[in-house]
Amino acid sequence: MTNNVTIKTAAEIELMRHSGRLLAQVFKMLDAYVKPGVSTMDINNRVEEFIVNELQARPASKGQYDYQYVLNSSINDVVCHGVPKATQFLKAKDIINLDITLEKGGFIADSSKMYVMPEATPIAKKLVEVTYEAMWAGIKQVKPGARLGDVGHAVQRHAESHGYSIVREYCGHGIGREMHEEPTVLHYGAPNRGLQLKEGMTFTIEPMVNQGTAKIKTKKDGWTVVTRDKKLSAQWEQTILVTSSGYEVLTLREEEQL
């Protein structure tokens with residue numbers, strides 16, 4: 001299984017760092033832009049313009065799997081793959097995940113962030129917060145010699161300890177020249193199982209955590225995935241590098257840096 005996982009060279013890692021830093025800038029720009037009254041298509045168009053014109057990079061999601069847009073915008077009970085719409089405006093109580101990819105110098109960075117609107121309920125805020133903590137619980141397991149099961153177990157344990165459920169149909173993935181490479185990174189599992197991590201591996205950790213049951217369904221558009229019980233779902237995502245001593249978050253945003 002390790003044979004299919006691309007170990008990145010020092011030069012490739014430097015290119016991935018650059019893509020990751022650029023993607024972090026996209027979210028920084030959005031921090032002031034995403035608010036009630038803005039349509040998800042407005043957000044999509046602003047991100048495309050920023051990536052292409054200001055960062056001189058390529059929005060890697062556009063055209064991938066025949067997808068027409070540069071991001072996924074997943075609101076409230078949408079688990080993932082929400083499609084931007086000109087008629088869909090953010091409301092004061094919404095939570096929204098914006099999932100964006102960017103390619104520069106031949107390498108792709110992938111990250112997503114939850115935006116919480118000003119009147120979101122305490123229940124919604126708690127889900128967003130716990131999902132973020134669950135992602136970090138997984139990230140902190142990353143080091144050479146650790147296994148992917150350690151990562152998945154840490155994510156699952158944290159989310160389930162708060163009464164939430166982990167969506168199992170979608171997972172993290174290796175990333176580099178291609179958006180989806182080996183390995184598959186599950187957000188559940190048992191410690192000391194699965195692929196052993198090695199320095200130079202790059203992959204995403206991106207748990208989708210549901211307020212209610214883990215059951216999901218795909219809408220008729222073929223993209224939008226929602227919770228079956230119509231309860232809320234949240235997701236966060238970072239692109240991770242396995243270093244000689246642990247991990248580096250290649251898409252780390254300014255507000256996350258110590």
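Here, each number is a calculation from the coordinates, and none is a lab measurement. In this text the structure is predicted, and so the values were computed from the model without any measurement. Every residue, glycine as well, gets a Cβ built from its backbone with ideal geometry; the counts of neighbours run over all protein chains shown.
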Q: Equivalent ellipsoid semi-axes for the stretch 1-59, as square roots of 5 times the alpha carbon gyration tensor eigenvalues: give them largest first, rounded to whole Å.
A: 30, 13, 10
Q. For Gly176, what is the net charge nearby, where nearby means another residue's Cβ is under 12 Å from its Cβ and Lys, Arg count +1, Asp, Glu -1?
A. -4
(Q) As a test of the definition: which semi-axes, in Å, follow for the chain when you take the square root of five times each eigenvalue of its alpha carbon gyration tensor? Largest first, please. (A) 27, 23, 16
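Local charge sum around Pro59 (other residues, Cβ-Cβ under 13 Å, Lys/Arg +1, Asp/Glu -1)?
So the environment of Pro59 carries a net charge of -2.
Taking K and R as +1 and D and E as -1, what net charge do the other residues with C-beta under 13 Å from the C-beta of Lys230 add up to? Provide the component values of the computation, followed by the final result.
Numbers: positive: Lys215, Lys217, Lys219, Arg228, Lys231; negative: Asp77, Asp229.
Net local charge, Lys230 excluded: +3.
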Q. Over the chain, what is the mean sequence separation of C-alpha contacts under 8 Å (at least six apart), divided by residue count, expressed as relative contact order in percent?
A. 23 percent
Q | Relative exposure of Asp229, Asp94, judged by other C-beta atoms within 10 Å (fewest first) | A | Asp229, Asp94
(Q) Can you give me the distance in nm between label points at Lys220 and Val52, each placed 7 Å from the Cα along the Cα-to-Cβ direction? (A) 3.1 nm
Q.
As an exercise, use a Förster radius of 25 Å and the Cβ-Cβ distance of Lys198 and Ala10 to find the FRET efficiency, rounded to the nearest 0.05.
A. 0.95
